[in-house]
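Colleague: My questions all concern the structure below.
Each reported figure results from applying straightforward, stated rules to the coordinates on display, with no laboratory input. Note that the structure is predicted; figures quoted are calculated from it, not measured. Backbone-built Cβ (ideal geometry, glycine too); neighbour counts: all protein chains shown.
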Amino acid sequence: MFVFIRIYFMIKYFSRLNKVIIVSIVIIFTGTNSFANNAYFGSWENITTGDRVDILDGFKTGVGPVLSIKNDGSVSTNKWENSNGEFSLTLGYDGYTASLDPSGNLLLSPSYGDPILMSPVGESEEKTTINLKDDEVGFIETLSTYKWLTSLDGNSAMFKSTFSPDSGVVELTKDDKLDDLLSFGIASGVIKIGSEVIIEARINDQYFIGINERDDFIVFKSLEKAPVVVSTVLAQQRKEFFDKLLTGEWQTTSFGSLNTHKFRPVYGELAGELLTTRNDRLYEDSKWEYSPSTGAIKIGYTDFVGAVIVNDTLALIEKDGDQKFFIRAFNSSEKRYTLADVKASALNENSLQKISEMLSAQFQRGEFFYSFEFKSDGRSGFSHKWSSSPFNITGETFSSDMIGKSDKLFQIEDFIIFDGHEVYKMDATPSRLRPKSEDEVKQDAINQEQLQVAAQSSTVTIRLMTINGEIKDVPLPVSSFGEIASISILSE
């Protein structure tokens, strides 16, 4: 912020001396802050710890934001004040009085304890500052040009416009991991980021400075240039869009957990399942389908009338304007999935061998495990659903995730009662499941891993139908038809 100096000369004409004599000079400082404030503006580094403090101009006289960046990666926004000629600032819960020593270093003196000495950090010359209320287009362009370090839990942020220039997604990452995906929108000189409404904002190539309805400052510091934006719009580039949508994996966050999403074609090239895993366990599934006639994608019960992929971000929009965002998983595979990756079998008596192979593994959904046990006839058997939870007895307390903590165990007739918790009844119904020894558990885990590898491997299979209508699948020792030069049928 520039400080303008206006000088008024108070003059008087003395006719007897035929001279004009300057009686007084009045110097008035104008602008949002005084010259004394500007002496503290800039970036400062703690000589001892290396922690950094950026003191920035605010929106009103006598108060402004302070961006604190610690060596441990934590970032916070505080404020400075200039009252009665004393410049003070807060860092976390501590207050300091600021002064400059003869060497130009910043001295922060607390109410008690040793002062903190900070040296100035040279910054590149900033470009013209843009106020949001004056130039929305220029503001958005600068906002999306950079990757920002934010005071929002120390996350890095990138802003990407999706279906209109003044709205889109904010990607929040930390330590190269997704933290959150928020929407942003700009209207009438106000920007909304997630649920945060920022009523005043300005930006340049170094800082985004805003203030919300509670008079709290929001400060972002530019880190580097953001990647050049490349948009793939479903309505205009259908093939390119689905090539990206059906490649690899996507991610979102919910309640602090990271979800991995896989769009897979199953029922057709443009219809399939959205498979969501959390900690490598199936968490949710939804059918998805694209309608060429309407251009909409339906996921579960929700219709999305538009879709766009901006670099590594997928944005879907509903009819009412609500948007849903996904980001490409940081460890995503590069495989583009097609119907060729789907194994299918009719559930009839002619496909018993294939069905048995596909259902031979142990399965999981939610908090339960599942398995299918076939009888010798291959047509009937048992389906099992169970969950396991460890327990331990420490001191005088029994504890288990399934039951909770209990201090006493009762039995009356054929009932078992955990004090204050669950009641169970003894039962002699024939059961197909039994506890396993530690050795059996380890061996079964190895067997299940082998089954998973085999189930996901690709092989070429010749399907034969005998004269009595029985279908037999004969796997070949190759993974694709491209490895086969010719096929001959020999009878011996």
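Colleague: Take PHE372 and VAL453, extend 7 Å from each Cα along the Cα→Cβ direction, and tell me the distance between the two endpoints in nm.
Modeller: Placing both labels 7 Å beyond Cα along the Cβ direction yields 2.4 nm.
Colleague: Counting other beta carbons within 10 Å of each residue's own, what order do PHE398, PHE368 fall into, fewest first?
Modeller: Working: PHE398 19, PHE368 12.
Least crowded to most crowded, the residues run PHE368, PHE398.
Colleague: Here's something else I'd like to know. How about segment 231-283: which GluC sites (Glu not before Pro) there lie in a loop by DSSP and see at most 13 other Cβ atoms within 10 Å? Mind dumping the intermediate values first?
Modeller: Details: sites: GLU240, GLU249, GLU269, GLU273; in loops: GLU249, GLU269.
In loop regions of segment 231-283 (DSSP not H, G, I, E or B), the sparsely surrounded GluC sites (Glu not before Pro) are GLU269.
Colleague: Cα centroid distance between segment 120-185 and segment 53-69, in Å?
Modeller: After rounding, the separation between the Cα centres reads 18 Å.
Colleague: Follow-up question, since we're still on this one. Using the Cα centre of segment 231-340 as the reference point, and only Cβ charges (+1 on K/R, -1 on D/E), how large is the resulting charge dipole? Debye, rounded to the nearest 20.
Modeller: Values: 14 positive and 15 negative charges, 37 e Å.
Result for segment 231-340 is approximately 180 debye, rounded to the nearest 20.
Colleague: Classify segment 35-121: rounded, prolate or oblate, from the alpha-carbon gyration tensor (a ≥ b ≥ c, eigenvalue square roots; a/c under 1.5 rounded; otherwise prolate if a/b is larger than b/c)? Walk me through the intermediate numbers first.
Modeller: Numbers: a/c = 1.40, a/b = 1.20, b/c = 1.17.
Taking the square roots of the gyration eigenvalues as a ≥ b ≥ c, segment 35-121 is rounded.
Colleague: Where in segment 347-438 are there trypsin sites (Lys or Arg not before Pro) that are in a DSSP coil and have at most 14 other Cβ atoms within 10 angstrom of their Cβ?
Modeller: Working: sites: LYS354, ARG365, LYS375, ARG379, LYS385, LYS405, LYS408, LYS425, ARG432, LYS436; in loops: LYS375, ARG379, LYS408, ARG432, LYS436.
Hits after loop and neighbour filter: LYS375, ARG379, LYS408, ARG432, LYS436.
Colleague: Another question, then. Using the Cα gyration tensor of segment 379-429, with a ≥ b ≥ c the square roots of its eigenvalues, what is the shape: rounded (a/c below 1.5), prolate (a/b larger than b/c) or oblate (neither)? Show your work: numbers first, answer last.
Modeller: On the way: a/c = 3.61, a/b = 1.65, b/c = 2.19.
Oblate, because a/c is 1.5 or more while a/b does not exceed b/c.
Colleague: Still on this structure: Could you check the spin-label model distance between SER293 and THR61? Points 7 Å from the Cα along Cα→Cβ, value in nm.
Modeller: 6.8
Colleague: If we count other beta carbons within 10 Å of each Cβ, what is the order of VAL63, VAL474, fewest first?
Modeller: Values: VAL63 18, VAL474 9.
In increasing order of surrounding Cβ atoms, one gets VAL474, VAL63.
Colleague: For LEU314, enumerate residues with amide H under 5 Å from its amide H, sequence gap 5+ or separate chain, H modeled in the peptide plane.
Modeller: Hits under the 5 Å cutoff: PHE326, ILE327, ARG328.
Colleague: So if each residue of separation counts as 0.36 nm, and I subtract the Cα-Cα distance between GLU141 and VAL233, what length gain in nm does that give? Kindly include the intermediate steps, with their values, before the conclusion.
Modeller: Values: separation 92, 0.36 × 92 = 33.12 nm, distance 2.01 nm.
Here the segment from GLU141 to VAL233 would lengthen by 31.1 nm.
Colleague: Given axes a ≥ b ≥ c from the Cα gyration tensor, I'd like to know whether segment 225-296 is rounded (a/c under 1.5), prolate (a/b larger than b/c) or oblate.
Modeller: Numbers: a/c = 2.39, a/b = 1.18, b/c = 2.02.
The shape class here is oblate.
Colleague: How much FRET efficiency would the formula 1/(1 + (r/R0)^6) give for ALA445 and MET465, where r is the Cβ-Cβ distance and R0 is 51 Å, rounded to 0.05? Could you put the intermediate results ahead of the total?
Modeller: Details: r = 38 Å, r/R0 = 0.74.
For ALA445 and MET465, the calculated efficiency is 0.85.
Colleague: For the chain, give the magnitude of the charge dipole about the Cα centre (Cβ charges: +1 Lys/Arg, -1 Asp/Glu; no others), in debye to the nearest 20. Provide the component values of the computation, followed by the final result.
Modeller: On the way: 48 positive and 69 negative charges, 269 e Å.
So the magnitude is around 1300 debye.
Colleague: While we're here: Along the Cα→Cβ direction, 7 angstrom out, place labels at VAL190 and ASP72. What is the inter-label distance in nm?
Modeller: Once both label points are built, they end up 3.7 nm from each other.
Colleague: Once fully extended, how much extra length lies between GLU224 and GLU334, figured as 0.36 nm per residue of separation less the alpha-carbon to alpha-carbon distance? Kindly include the intermediate steps, with their values, before the conclusion.
Modeller: Numbers: separation 110, 0.36 × 110 = 39.60 nm, distance 2.64 nm.
Computed gain between GLU224 and GLU334 is 37.0 nm.
Colleague: So, one more: Looking at the P(r) of segment 130-225, how many percent of alpha-carbon pairs lie beyond 20 Å? Let's see the in-between values first.
Modeller: Numbers: 1199 of 4560 pairs.
Roughly 26 percent, once rounded to a whole number.
Colleague: How would LEU143, LEU409 line up from fewest to most surrounding beta-carbon atoms within 10 angstrom? Please list the in-between numbers first.
Modeller: Working: LEU143 26, LEU409 10.
Ascending number of Cβ neighbours within 10 Å: LEU409, LEU143.
Colleague: Identify which of the listed values of Rg and Dmax of the Cα atoms in Å was calculated from the structure shown: (1) 34.2, 140; (2) 21.8, 69; (3) 28.4, 91.
Modeller: (1)
Colleague: Quote to one decimal, in nm, the extra length available between TYR112 and GLU86 on full extension: 0.36 nm per residue of separation minus the C-alpha distance between them.
Modeller: On the way: separation 26, 0.36 × 26 = 9.36 nm, distance 1.71 nm.
Gain in length upon complete extension: 7.6 nm.
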